[in-house]
Amino acid sequence: MQIDYNNIIIDVKEGTTVKELLKSEIEREEYNAIACKFNNEVKSLNYKIKANGKLQLINLKDKDGIRIYKRGLVYIISKAFSEVYPGSLITVNYQLYNSMFCNVDNLEITDEVIQNVDNRVKEIIKQNLPIERRIMDKQEAEKFYEREKTLKGRLQIDLKEKEVVTLYYCEDYYNYFYGVLPISTGFATNYKIQKYKNGFLIRYPNRENPDRLIEFKETPKLFATLEDYEDVHKVLNVNTLYKLNKIVEEGKIKEYILLDEALHEKKIAAIADNITQNKNIKLVSIAGPSSSGKTTFAKRLEIQLRLNGIKPVTISVDNYFVERENTPLDEQGNYDFENINAIDTKLLNSNLIKLLNGEEIDAPIFNFHTGHKEYKGNKMKLAKDEVLIMEGIHCLNDELTYLIPKEQKYKIYISALTVLNIDYYNRISTTDTRLIRRIVRDKKFRGYGAEHTLEMWPSVNRGEVNNIFKFQEEADVMFNSSLVYELSVLKKYVMPLLKEIDQKLPLYSEARRLYAMLSYFNDIPDEDVPSQSLLREFIGGSIFKE
């Protein structure tokens, strides 16, 4: 049997593990392998090779490597909590700047608690204990889940489409995680547990700095927004996938959809009231990452403003691109349209000042085919009861509107900040929610398959990091566009597209990961989604048609 490792063909005995085959390579400190890919499927280093194929090692510079590292940290820290404070109920809640924020439902988190747990974590890491997979049949799993409170509700999910359950164990500690874990506890060379708010942070390295922890940055507005939505959905008792699926099975989902949509409307109305109460505001700027639902949000905000006696007027940043020959280039020599210098900020600010002073402007229309601005008599003038609404990637960056006084601007950050967890330990990524939205929209409205969307997603993320996320705390208000039920609607569109991804493609592992996650959601039909819902921006049928 043969495998291709880094374009070198190696003869392999069937049943040899990846660790046995590449022991010296894996143990090289500068490489720090944590898992592998075999035929584009993410596997443990204990994976037994049974067929010919292509093998790649994964380290912390890889997206999958960071996921596995974080997963492993949660496993070790959960094990330590179970030993130091038996019966403690940990919930992994949100990601905050290279950290995971966690709560313990039945234990007050103090500095002493953190220190005691950390001491045990350090012992576990030093011992380099093996983390092994154990497969249970239905009968074993039922007994196990009955006594493990932290995994209550998991059995119905796990055995939904399969006869066995796979858990990870270390010494006498068992837990379940979606995806591969490191093969032993000694991998965790960089981490920190620290008390934070009413819980604690698990800090970890990032892909750019895999050998160290970078300084933690506070994001109080983001944290408050997440906490607000988390609290509401806890009250509604629909903060985990098990609870959501149960509501669907009991035929009660329409009520919860209306509640979730009402929460959106309540938040949008509150934002409109804030704008109305501040008579100085003349420019409302909206920014958020890809597939946040900015278009529908802006239209619903306009309706609420009109109810308050304010007439919204939209101005598009996209019409203020510099001439094509003046567009900055990226490192590869391609046009960098996401660079703020790709915007003619001088002309934009000149026009904004005139509008705010009650003067008339001849607004440009950018011709994306020719790469030049055109003037076709698009006259604009702002009345006293009107306010400008502007949406774009740089709208939170004051450099975009440098001439506009701060008191005349109201900045809104919008993103799909997912609050639904699969269970206590397995959270659903905010980025994954937006990616799934994007796959649906790209196929339905742009004709692109999932392969295209997955290929360009890393580039989209880089643009968001550089131009949006670092300005999010400068927003006057944050709007969470996530809907607790949305993945149950989107799955029917996405899963067939993900299934089309060929295993020979590097994207296969990502497609498989998303497919597996979506398979656990019960279906919700499109007809249950209201026509004004932000979700309609992606599945179609929105009342807000262009």
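The values are calculated or read from the model by the stated rules, or taken from the named source; none is laboratory data. Note that the structure is predicted; figures quoted are calculated from it, not measured. Virtual Cβ from ideal backbone geometry, glycine too; neighbours counted across all protein chains shown.
Residue check: is residue 323 surrounded by fewer than 19 Cβ atoms within 10 Å (Cβ to Cβ), within 28 Å of residue 433 (Cβ to Cβ) and not basic (Lys, Arg)? I'd like the intermediate steps shown before the answer.
Numbers: surrounded by fewer than 19 Cβ atoms within 10 Å (Cβ to Cβ): yes; within 28 Å of residue 433 (Cβ to Cβ): no; not basic (Lys, Arg): yes.
No: the conditions fail for residue 323.
Restricting to the range 356-384, count the residues that are without any contact (Cβ under 8 Å) to a residue 60 or more places away in the chain and buried (at least 16 other Cβ atoms within 10 Å of the Cβ). Let's see the steps before the verdict.
First, the residues of the range 356-384 that are without any contact (Cβ under 8 Å) to a residue 60 or more places away in the chain: 357-379, 381, 384.
Subsequent filtering for residues that are buried (at least 16 other Cβ atoms within 10 Å of the Cβ) retains 361, 363-364, 366, 373.
Qualifying residue count, the range 356-384: 5.
Can you tell me which of (1) modelled with pLDDT under 90; (2) within 22 Å of residue 179 (Cα to Cα); (3) not hydroxyl-bearing (Ser, Thr, Tyr) is the one residue 54 doesn't meet?
The one condition residue 54 does not meet is (1).
Only one residue in 240, 185, 189 is buried (at least 17 other Cβ atoms within 10 Å of the Cβ) and at pLDDT below 95. Which one?
Working: 185 fails: at pLDDT below 95; 189 fails: buried (at least 17 other Cβ atoms within 10 Å of the Cβ).
Residue meeting the stated conditions: 240.
Among the residues of the range 363-380, is any β-branched (Val, Ile, Thr), under 36 Å from the mean Cα position of the chain (by Cα) and under 18 Å from residue 281 (Cβ atoms)? Outline the logic, then answer.
Taking the range 363-380 and keeping what is β-branched (Val, Ile, Thr), we get 365, 370.
Of the ones still in play, those that are also under 36 Å from the mean Cα position of the chain (by Cα) are 365, 370.
Applying the additional criterion that residues be under 18 Å from residue 281 (Cβ atoms) yields none.
No, there is no match, as no residue in the range 363-380 is β-branched (Val, Ile, Thr), under 36 Å from the mean Cα position of the chain (by Cα) and under 18 Å from residue 281 (Cβ atoms).
Does residue 292 qualify as being crowded, with 21+ Cβ neighbours inside 10 Å and in contact (Cβ under 8 Å) with a residue 40 or more places away in the chain? Break it down stepwise before answering.
On the way: crowded, with 21+ Cβ neighbours inside 10 Å: yes; in contact (Cβ under 8 Å) with a residue 40 or more places away in the chain: yes.
Yes.
Can you confirm whether residue 262 is among the aliphatic types (A, V, I, L, M), part of a helix (DSSP H, G or I) and closer than 26 Å to residue 435 by Cα?
Numbers: among the aliphatic types (A, V, I, L, M): yes; part of a helix (DSSP H, G or I): yes; closer than 26 Å to residue 435 by Cα: yes.
Yes.
Within the range 462-482, is even one residue among the basic types (Lys, Arg) and without any contact (Cβ under 8 Å) to a residue 12 or more places away in the chain? I'd like the intermediate steps shown before the answer.
Filtering the range 462-482 for residues among the basic types (Lys, Arg) gives 462, 470.
Then keep just the ones that are without any contact (Cβ under 8 Å) to a residue 12 or more places away in the chain; that gives 462, 470.
Yes - at least one qualifying residue is present in the range 462-482.
Using beta carbons and a limit of 9 Å, which pairs, at least six apart or on different chains, have the first residue in the range 298-309 and closer than 15 Å to residue 544 by Cβ and the second one among the aromatic types (Phe, Trp, Tyr) and surrounded by fewer than 15 Cβ atoms within 10 Å (Cβ to Cβ)?
So the pair list comes out empty.
Residues that are in the same structural domain as residue 167 (by TED's automatic domain parsing): which helices (runs of 4 or more DSSP H) entirely in the range 1-87 hold 1 or more of them?
Numbers: elements: 18-21, 23-26, 63-84.
Helices (runs of 4 or more DSSP H) meeting the threshold: 63-84.
If residue 104 satisfies all but one of (1) touching a Ser or Thr at 6+ places or on another chain (Cβ under 6 Å); (2) modelled with pLDDT of 95 or more; (3) surrounded by fewer than 19 Cβ atoms within 10 Å (Cβ to Cβ), what's the number of the condition it fails?
(2)
So which residues in the range 265-290 are of a type outside the set (D, E, K, R), outside any helix (DSSP H, G or I) and more than 25 Å from residue 427 (Cβ to Cβ), if there are any at all?
First, the residues of the range 265-290 that are of a type outside the set (D, E, K, R): 268-272, 274-278, 280-281, 283-290.
If we keep only those that are outside any helix (DSSP H, G or I) as well, we get 278, 280-281, 283-290.
Hits for the range 265-290 are 278, 280, 281, 283, 284, 285, 286.
Assess whether residue 474 counts as being within 14 Å of residue 514 (Cα to Cα) and acidic (Asp, Glu).
Numbers: within 14 Å of residue 514 (Cα to Cα): no; acidic (Asp, Glu): yes.
Answer is no for this residue.
Among the numbered criteria (1) surrounded by 15 or more Cβ atoms within 10 Å (Cβ to Cβ); (2) part of a loop (DSSP other than H, G, I, E, B), which single criterion is violated by residue 305?
(2)
Can you name every residue in the range 348-370 that is of a type in the set (Ser, Thr, Tyr) and in a loop (DSSP other than H, G, I, E, B)?
So the first thing to find is which residues in the range 348-370 are of a type in the set (Ser, Thr, Tyr), and the list is 350, 370.
Matches in the range 348-370: 370 only.
Looking at the range 130-153, which of its residues are modelled with pLDDT of 65 or more and in a loop (DSSP other than H, G, I, E, B)?
Within the range 130-153, just 131 meets the criteria.
Return yes when residue 201 is closer than 30 Å to residue 57 by Cβ, at pLDDT 90 or above, touching a helix residue (DSSP H, G or I) at 6+ places or on another chain (Cβ under 6 Å) and among the aliphatic types (A, V, I, L, M) and no when it is not. Break it down stepwise before answering.
Values: closer than 30 Å to residue 57 by Cβ: yes; at pLDDT 90 or above: yes; touching a helix residue (DSSP H, G or I) at 6+ places or on another chain (Cβ under 6 Å): no; among the aliphatic types (A, V, I, L, M): yes.
Spelling it out, it is not the case that residue 201 is closer than 30 Å to residue 57 by Cβ, at pLDDT 90 or above, touching a helix residue (DSSP H, G or I) at 6+ places or on another chain (Cβ under 6 Å) and among the aliphatic types (A, V, I, L, M).
Can you tell me how many residues in the range 488-520 are more than 25 Å from residue 54 (Cβ to Cβ), of a type outside the set (A, V, I, L, M, F, W, C) and under 17 Å from the mean Cα position of the chain (by Cα)? Full working, then the answer.
Applying the first criterion (more than 25 Å from residue 54 (Cβ to Cβ)) to the range 488-520 yields 488-496, 518-520.
In the following step, the residues that additionally are of a type outside the set (A, V, I, L, M, F, W, C) were identified as 488, 491-493, 496, 519-520.
After this cut, where a residue has to be under 17 Å from the mean Cα position of the chain (by Cα) as well, the list is 488, 491.
Result for the range 488-520: 2.
Please name all residue pairs, on different chains or six or more residues apart, with Cβ atoms under 6 Å, provided the first residue is in the range 324-343 and is touching a residue at least 12 places away in the same chain (Cβ under 8 Å) and the second residue is surrounded by 11 or more Cβ atoms within 10 Å (Cβ to Cβ) and among the hydroxyl-bearing types (Ser, Thr, Tyr).
Hits for this filter: 327/335; 342/327; 343/320.
Please go through the range 94-129 and give me each residue that is of a type in the set (Asp, Glu) and either assigned to a helix (DSSP H, G or I) or assigned by TED's automatic domain parsing to the domain that holds residue 45 (or both), ordered by number. Outline the logic, then answer.
Taking the range 94-129 and keeping what is of a type in the set (Asp, Glu), we get 105, 108, 111-112, 118, 123.
Matches in the range 94-129: 111, 112, 118, 123.
Got at least one residue in the range 445-456 being outside any helix (DSSP H, G or I) and small (Gly, Ala, Ser)? Full working, then the answer.
As a first pass, look at the range 445-456 and keep what is outside any helix (DSSP H, G or I): 447-449.
Add one more test, that the residue is small (Gly, Ala, Ser), and what stays is 447, 449.
Yes, the conditions are met somewhere in the range 445-456.
Please enumerate the residues belonging to the range 213-233 that are under 20 Å from the mean Cα position of the chain (by Cα) and not hydrophobic (A, V, I, L, M, F, W, C).
Passing the criteria: 217, 218, 219, 220, 221, 225, 227, 228, 229, 230, 231, 233.
Within the bounds of the range 401-410, is there any residue that is buried (at least 16 other Cβ atoms within 10 Å of the Cβ) and part of a helix (DSSP H, G or I)? Step through it out loud before you land on a result.
So the first thing to find is which residues in the range 401-410 are buried (at least 16 other Cβ atoms within 10 Å of the Cβ), and the list is 401, 404, 408-410.
Within this subset, residues satisfying the condition of being part of a helix (DSSP H, G or I) are 408.
Checked the range 401-410: at least one residue is buried (at least 16 other Cβ atoms within 10 Å of the Cβ) and part of a helix (DSSP H, G or I).
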